[in-house]
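A.B. asks: There's a structure below that I have some questions on.
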Amino acid sequence: MPPIPMVDTVTAPNGGEPLLSVRELRVAFVMDEGVVRAVDGASFDVFPGQVLGIVGESGCGKSVTMKAVLQIVEPPGRIVSGEILFRRRGSTPDAASHATGKIATGEIATGEIVDLARLDPRGPAMRAIRGAEIALIPQEPMAAFSPVHTVGDQIVEAIMLHRRQWRPEGPRLRRREARDITAGLFRDVGISMPDERLDAYSWQLSGGLRQRAMIAMALSCRPRLLIADEPTTAIDVTTQAQVLDLLRGLQAKYRTAIVFITHDLGVIAQIAHHVVVMYLGRVMEQGPVDDIFHAPKHPYTRALLRSIPSLRSPSRVKLPIISGSLPHPFNRPSGCPFHPRCADAVPGVCGRRVPSLQPVGERQSASCFLYHDVAEPHDVPQPHRADERRQGEKTS
Amino acid sequence: MADVAAPPTVDVGAAPSAAEERVSVASNWTLVWWRLRKHRLALASAVVLILFYAVVLCPDFFSTQDPELTEARLAFIPVQRLHVFDGGRWSPWVPAVVGKRNPTTLRMEWAADPGRKVPVGFFVRGHSYRLFGVMPANVHLMGATNLAAGRAYLLGTDRLGRDQWSRLMHGTQTSMTIGLVAVTLSVLLGVVLGGVSGYFGGLADAIIQRLIELLQSLPTIPIWLALTAALPRDWTPQQVFLAITVILSLVGWTALGREVRGRFLALREEDFVLAAELAGCSRARIIGRHMVPTFLSHIIATSTLAIPVMIINETSLSFLGLGIRPPAISWGVLLQEAQNLQTVALAPWLLIPGLLVIVAVLAFNLLGDGLRDAADPYG
Amino acid sequence: MTSRASTGGTIPPVGAPLLEVRRLRKFFPIHKGFARRVVGHVRAVDDVSFVIHEGETLGLVGESGCGKTTTSRCVLRAMAPTSGEILFRAADGRVVDLASLSRHELRPLRPQIQMVFQDPFGSLNPRMTLFDNVGEPLLVNGVRNRRSRMDRVAELLRLVGLRPEFMHRFPHAFSGGQRQRIGIARALATEPRLVVADEPVSALDVSVQAQVLNLLLELQERLHLTYLFVAHDLSVVKHVCDRVAVMYVGQLVETAPTAAIFSRPRHPYTAALMRAVPVPDPRVPSGDVVLKGDVPSPANPPAGCYFHPRCPFAVERCRLEPPALREVAPDHFARCHLADELELDGVGTGEAVG
């Protein structure tokens, strides 16, 4: 297997090392009806203090990718191959491994890079990372809180569970103190009257407040990486503006790295530093947000940006469209997944081989034969049944 | 911006493959069948149930002799095992039995008579009956070919010397029919009353819901006891049979009624129902064409699961002597023969009807589970 | 497509009112306790009036719970309004008040007002083929002949950009965008004059939205349709609508031609709503003015102007006196005491408005 290029060292803030490196990740759902390759060789980096926006339509694998990072892919989905390299917390003593002792892959030293794809999803090592170092803001805050406990209690519980994050040494953190920390978090996320709201149940809060409480919950363990999975999709625009504003403020304050998943290009433009564009499980293009919006390289990005109506575009004019529709997940096109809908597709080329993600220009990279002719190697690992399917397609 | 003035895009991808085309035009029932095909247990159960209902259609054909034929001398003959080969040749037979009275207990004790075989044949002529109640016939699936050599009691005889195999065939007819008819009646009641309740709401809904609550709060066994006790003693077995069916379904429709009402309430909010309303469809069309077909497969699955309950209920009632009464035959009536411990100890084969009840109930449950899983191909 | 004349009547001059909603109210009672005593009302739609002219598109905008969907359902008479008038000029030229009609009286008018749904998966009956789904409005409105229904369905499918051979397929064979086209074909089957589109693209993928928006615009031109376009996405509304009506807590707060409202909104809520829409351009900063607080409950709205607790410009008068919807510029109505004094920023005024 050829070495995978480091896609993006140029744009790394302060030239630092990535916090999270996803390399050639493949996640497949093997079902009776066939195999869905939800993520099909995705690679990208997240640097400390960076907001990475992952944008794509339904079925592009953006959520599954981040579920794979957290090791919460629901069966029958599983990680087929690839690496998810995560740099663990280095500055503070690693309390989690103190608490858990030996773990399956050996003692993880502080600041060490672990491959999350190789950890047992239910093992202590993964549990120590999930929540404590990587936290999730889900799309539906209603579903994320239990309705029978107050939101305050649930956050206090999370803090107590990861109390070493707050007080590495010295006396045990008391519940009373955890409650004060929670109230402080509530103030941080802009919840007024935090002491009263602590004792509220999630169903008593409005959508905006609930989303704020969810963010407080995610921050409760001082994560270094925050994954926000469409956090504003279920809420209204004015509330969305509040939540985006809040996330921007918190990010500036704590320098937490955020992976922001959304289908809304407007939201991406307003919050991300760096953008990854996905389509049918592959990274089509990535680069700094300004380049993606003002100098898009991949035909998919270009077409997508042209086709969305904007408050600043003229009214009642036909929009340039992307023809066709998203293929059924069982029915992936061969070659470049976008080629059947691509206006620039080269016959006989784009449908044959899968273009790999290669640097294009100084700061971007794209998977497109318009810019290079580096294809994916043919011997990429596939789930068993997928191989049969592909062969069947070739002969037919 | 070349495509600004273009005509509407024909929104088609590549030409669909044959397999895709097949799925595209597959109706709901086809999809249900495709999913049901994958449930091996459900399919096996369906085969078993088809066999049962073949018996229901024509129990006399499957009987070896007249189920009412009483022969006190031949009481409590044990199971005579069916052998199909005689010395390597295809020649079915059962061992003949001889009875000897035990001098101390004064009971007949039956033992195989070595050397004597009762030849058995398939499609033999025997006692005459009416096929489907009309056509006179006398062909049976099995039977002793030479009555002089003795009769074949495949599952033994009861205390009056009646052939249990033949009685079981007739009992199957009664019990399986009661299950089916009672469930059909409760489905009708449940769908109509639940539908009225769910679709129209308001006062009708309130009244029907209170009625369901009332019926569900009554303890079922005393209700059955009271109702069956009220049946006039001089009713013919057919009348009793009908009455029992009605009683079972009157008590049994409530759960189904609730479910149908729930479905109606949920469906009323569906966009395609609103679309039909806005298109100007009549109420009857909305219910008949849009709402009922949507939950019909669920109703079928639920009914399949309700039939065994009815069968058990009938069996229990008849076992207690309150349901079907002799001379009519049902599984419950047959099990009544095995009511006292002594009989069970001396003639364990009288428990075989219980085995049949278990098989039937299991088969219905497995099929119902499979149907329920397959019922919603869009879910 | 057959000519308009077949629906009867002559073509009125463009601009004649097709639908006029006057003081529409829809209250839902709140029951409490065992006796289900009515303890209050959710004022879902509270005194809403607007006009839609023939051939134009009116956008009804607002956040969830503002009453836009309830308003559209009342216009469709999928629910009965509590009070108010819904005056519809029928094809024969009569003006009828839909609000007062019974189910039976509504039936002959149903074909003229049709709906495009939000959810392309729920609005088609999955157990019926495309032919049955699209042809049903024809069947129940008198086209009994199967052959002529098939011809018409084929014509409709072509009209929305689908192959007529798809007629015998079931909806499960189609993607979201394709199903939305089918839904549009069904809505157009009876040659409606008013089409209520309830968030027709919000459930679709970004790359498919433009296709459906283009289709709606093109069908409007070809068939001289009138749209009531209900949406929460201001970018989409700006793209397709001639006039915009903004709702907040059951009330209309501003209504004006699209160009006017986007270049110079007169109600602080409209302005805030526009500023809240994230612009797909990282060089245009947004979120400088973020509206504080939450939308009040329509069961218990604040006194005075419903918007005053969140309004950065609120004065004493706003707390006490509910403002009325008044004309602040030609054809520009706003429900704000300060509409004449405030200088609110809109978005993008430079581009041509077609």
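What follows draws every value from the coordinates through simple rules; no lab data is involved. Keep in mind the model is a prediction, meaning the values are calculated, not measured. Note: ideal-geometry Cβ built from the backbone for every residue, glycine included; neighbour counts use all protein chains shown.
A.B. asks: Once you've got the GNM for chain A with C-alpha springs shorter than 10 Å, pick whichever of A:72, A:227, A:292 has the biggest mean-square fluctuation.
C.D. replies: A:72
A.B. asks: When B:104, A:262, B:145 are ordered from fewest to most other Cβ atoms inside 10 Å of their Cβ, what list results?
C.D. replies: B:104, B:145, A:262
A.B. asks: How much of the DSSP bridge set in the protein assembly as shown is antiparallel, in percent, rounded to the nearest 5?
C.D. replies: Once the DSSP bridges in the protein assembly as shown are tallied, antiparallel ones form about 70 percent.
A.B. asks: Hey, got the average number of other protein chain Cβ atoms within 10 angstrom for residues in B:100-108?
C.D. replies: So the per-residue partner count for this stretch is 0.
A.B. asks: Put +1 on the Cβ of every Lys and Arg and -1 on every Asp and Glu Cβ in the range B:39-134; which of B:121, B:82, B:46 then has its Cα farthest towards the positive end of the dipole?
C.D. replies: Of B:121, B:82, B:46, it is B:82.
A.B. asks: Residue C:68: which lysines have alpha carbons under 24 Å from its alpha carbon, excluding same-chain residues fewer than 8 sequence positions away?
C.D. replies: The reachable lysines, counting only those whose Cα sits under 24 Å from residue C:68, are C:26, C:238, C:292.
A.B. asks: So for chain A, taking the charge dipole from beta-carbon charges (+1 Lys/Arg, -1 Asp/Glu), which of A:371, A:361, A:204 sits furthest toward the positive end?
C.D. replies: It is A:204, whose Cα lies furthest towards the positive end.
A.B. asks: Ok, one more. For chain C, take the longest principal axis of its alpha carbons; what is the angle in degrees between that and the long axis of helix C:206-223, to the nearest 10 within 0 to 90?
C.D. replies: 70 degrees
A.B. asks: With the dipole of chain A worked out from charges on the C-beta (+1 for Lys and Arg, -1 for Asp and Glu) around the Cα centre, which of A:322, A:259, A:240 lies farthest toward the positive end?
C.D. replies: Farthest towards the positive end: A:240.
A.B. asks: Out of every Cα-Cα pair in the range C:103-176, what percent are more than 13 Å apart? Numbers along the way, then the final one.
C.D. replies: Numbers: 1893 of 2701 pairs.
That fraction is 70 percent.
A.B. asks: Nearest 5 percent is fine: what portion of the DSSP beta bridges confined to chain A is antiparallel?
C.D. replies: Percent antiparallel among DSSP bridges in chain A is about 65.
A.B. asks: Helix-only mean residue ellipticity at 222 nm, chain B, DSSP H runs n ≥ 4 weighted -39,500 (n - 2.57), per residue, nearest 500. What is it?
C.D. replies: Theoretical 222 nm ellipticity from helices: -17500 deg cm²/dmol.
A.B. asks: Using only the Cα atoms of the range A:23-85, each taken as one equal point scatterer with no solvent, compute I(q) by the Debye sum, divide by I(0), and report log10 of the ratio at q = 0.25 Å⁻¹.
C.D. replies: So the normalised log intensities work out to -1.13.
A.B. asks: Once both labels are modelled 7 Å past Cα along the beta-carbon direction, what's the residue A:372-residue B:71 spacing in nm?
C.D. replies: 9.3 nm
A.B. asks: Okay, next question. Could you give the C-alpha radius of gyration of the range B:139-237 expressed as a fraction of 2.2 N^0.38 Å, taking N as the number of residues it contains?
C.D. replies: Working: Rg = 22.6 Å, N = 99, 2.2 N^0.38 = 12.6 Å.
Taking N as the residue count of the range B:139-237, the ratio is 1.79.
A.B. asks: Right, next: When we measure straight from the Cα of residue B:38, which aspartates and glutamates land under 18 angstrom away, once same-chain ones fewer than 8 places off are left out?
C.D. replies: Partners found: A:32, A:33, B:369, B:373, B:376.
A.B. asks: Right, something else. So what does log10 I(q)/I(0) come out to for chain A at q = 0.07, 0.13, 0.14 Å⁻¹, using the Debye formula with one equal point on every Cα and no solvent?
C.D. replies: -0.34, -1.14, -1.29
A.B. asks: Once whole DSSP H runs in chain A are found, which of them have Cα atoms spread over 20 Å or more along the helix axis and a mean Kyte-Doolittle score of at least 0.0?
C.D. replies: A:237-254
A.B. asks: Right, another one. Any idea what the dipole of the range C:15-135 comes to, in debye rounded to 20, about its Cα centre with Lys/Arg Cβ at +1 and Asp/Glu Cβ at -1?
C.D. replies: Charge dipole of the range C:15-135: 660 debye, to the nearest 20.
A.B. asks: Averaged across B:266-273, how many Cβ atoms of other chains sit within 10 Å of each residue's Cβ atom?
C.D. replies: Rounded to a whole number, the mean comes out at 4.
A.B. asks: Right, another one. Pairwise over distinct Cα atoms, reciprocal of the mean inverse distance: report the Kirkwood radius of the range B:319-379 in Å, one decimal place.
C.D. replies: In the range B:319-379 this quantity evaluates to 13.8 Å.
A.B. asks: I want the antiparallel fraction of DSSP beta bridges within chain C, as a percent rounded to 5. Walk me through the intermediate numbers first.
C.D. replies: Values: 32 of 50 bridges.
Percentage antiparallel, nearest 5: 65.
A.B. asks: Okay, moving on. DSSP H helices in chain B with Cα extent of 27 Å or more along the helix axis and mean Kyte-Doolittle hydropathy at least 0.0?
C.D. replies: B:164-200, B:292-319, B:352-374
A.B. asks: Something else: Can you give me the Kirkwood hydrodynamic radius for the range A:244-345, using every pair of distinct Cα atoms, in Å to one decimal? Display every interim value, and only then the final one.
C.D. replies: Working: mean 1/r = 0.0645 Å⁻¹.
Final number for the Kirkwood radius of the range A:244-345 is 15.5 Å.
A.B. asks: For chain C, state the semi-axes of the equivalent ellipsoid (square roots of 5 times the eigenvalues of the alpha-carbon gyration tensor), sorted largest first and rounded to whole angstrom. List each step's numbers first, then the result.
C.D. replies: Working: eigenvalues 257, 114, 81 Å².
Here the semi-axes work out to 36, 24, 20 Å.
A.B. asks: Can you give the charge dipole size of the protein assembly as shown about its Cα centre, rounded to the nearest 20 debye, using +1 on the beta carbon of Lys and Arg and -1 on the beta carbon of Asp and Glu?
C.D. replies: Working: 120 positive and 105 negative charges, 511 e Å.
Rounded to the nearest 20 debye, it is 2460 debye.
A.B. asks: Take the alpha carbon atoms of the range B:35-81, find their radius of gyration, then divide it by 2.2 N^0.38 Å using N residues; give the quotient.
C.D. replies: For the range B:35-81, the normalised Cα radius of gyration is 1.80.
A.B. asks: Let me ask you something else. Ratio of the range C:141-299's C-alpha Rg to 2.2 N^0.38 Å, to two decimals?
C.D. replies: 1.27
A.B. asks: Arrange the following residues from fewest to most other Cβ atoms within 10 Å of their Cβ: C:68, B:38, A:253. Mind showing how you got there, number by number?
C.D. replies: Working: C:68 28, B:38 12, A:253 9.
Going from sparsest to densest Cβ surroundings: A:253, B:38, C:68.
A.B. asks: In Å, what is the Rg of the alpha-carbon atoms in the range A:287-368, and how long is Dmax?
C.D. replies: 14.4, 40
A.B. asks: Okay, next question. Just round it to a whole percent: the fraction of Cα-Cα distances in the range A:184-299 exceeding 22 Å. Display every interim value, and only then the final one.
C.D. replies: Numbers: 2596 of 6670 pairs.
Result for the distance tail: 39 percent.
A.B. asks: In Å³ and rounded to a whole number, note down the convex hull volume per residue for the Cα atoms of the range B:306-351.
C.D. replies: Here the figure is 72 Å³ per residue.
A.B. asks: Over 16 Å apart: what share of the alpha carbon pairs of the range B:233-323 falls there, rounded to a whole percent?
C.D. replies: In whole percent, the share of Cα-Cα pairs in the range B:233-323 beyond 16 Å is 64.
A.B. asks: Additional query: Is the range A:119-213 best put as rounded, prolate or oblate by its Cα gyration tensor, with a ≥ b ≥ c the root eigenvalues, rounded for a/c under 1.5, and otherwise prolate when a/b is larger than b/c, oblate when not?
C.D. replies: It comes out oblate by the Cα gyration axes.
A.B. asks: If you don't mind, there's one more thing I want to ask. log₁₀ I(q)/I(0) of the protein assembly as shown at q = 0.05, 0.10 Å⁻¹, via Debye over equal Cα point scatterers, no solvent, to two decimals?
C.D. replies: Taken in order of the listed q values, log10 I(q)/I(0) reads -0.47, -1.33.
A.B. asks: Here is a follow-up. Take the Cα atoms of the range B:96-193, find their three principal axes, and give me the spread along each one in whole Å, biggest first.
C.D. replies: Result for the range B:96-193: principal-axis Cα extents of 64, 37, 17 Å.
A.B. asks: Inverting the mean 1/r over all pairs of different Cα atoms, compute the Kirkwood radius of chain B and quote it in Å.
C.D. replies: Roughly 24.6 Å, rounded to one decimal.
A.B. asks: Could you please rank A:307, C:100, A:58, placing first whichever residue has the fewest other Cβ atoms within 10 Å of its Cβ?
C.D. replies: Result, fewest neighbours first: C:100, A:58, A:307.
A.B. asks: Please compute P(r) over all alpha-carbon pairs of the range B:196-266, binned at 10 Å starting from zero, and give each bin as a whole-number percent.
C.D. replies: Per 10 Å bin, starting at zero, the Cα-Cα P(r) for the range B:196-266 comes out as 18, 39, 26, 15, 2 percent.
A.B. asks: Continuing with the same structure: With r defined as the distance between the Cβ atoms of residue A:113 and residue A:253 and R0 fixed at 25 Å, what FRET efficiency is calculated, to the nearest 0.05?
C.D. replies: 0.40
A.B. asks: Taking chain C as a Gaussian network, where each spring joins two C-alpha atoms under 10 Å apart, which residue of C:226, C:129, C:190 fluctuates the most?
C.D. replies: C:129
A.B. asks: While we're on this one: Running a GNM on chain A with Cα contacts under 10 Å, which residue among A:250, A:319, A:20 ends up with the highest mean-square fluctuation?
C.D. replies: For chain A, modelled as a Gaussian network with Cα springs under 10 Å, the answer is A:319.
A.B. asks: How big is the dipole moment of chain A about its Cα centre under a simple scheme where the beta carbon of each Lys and Arg is +1, that of each Asp and Glu is -1, and everything else is neutral? Debye, nearest 20, please.
C.D. replies: 300 debye
A.B. asks: Further question: What is the Cα convex hull volume of the range C:72-204 when expressed per residue in Å³?
C.D. replies: Given the Cα convex hull of the range C:72-204, per-residue volume reads 114 Å³.
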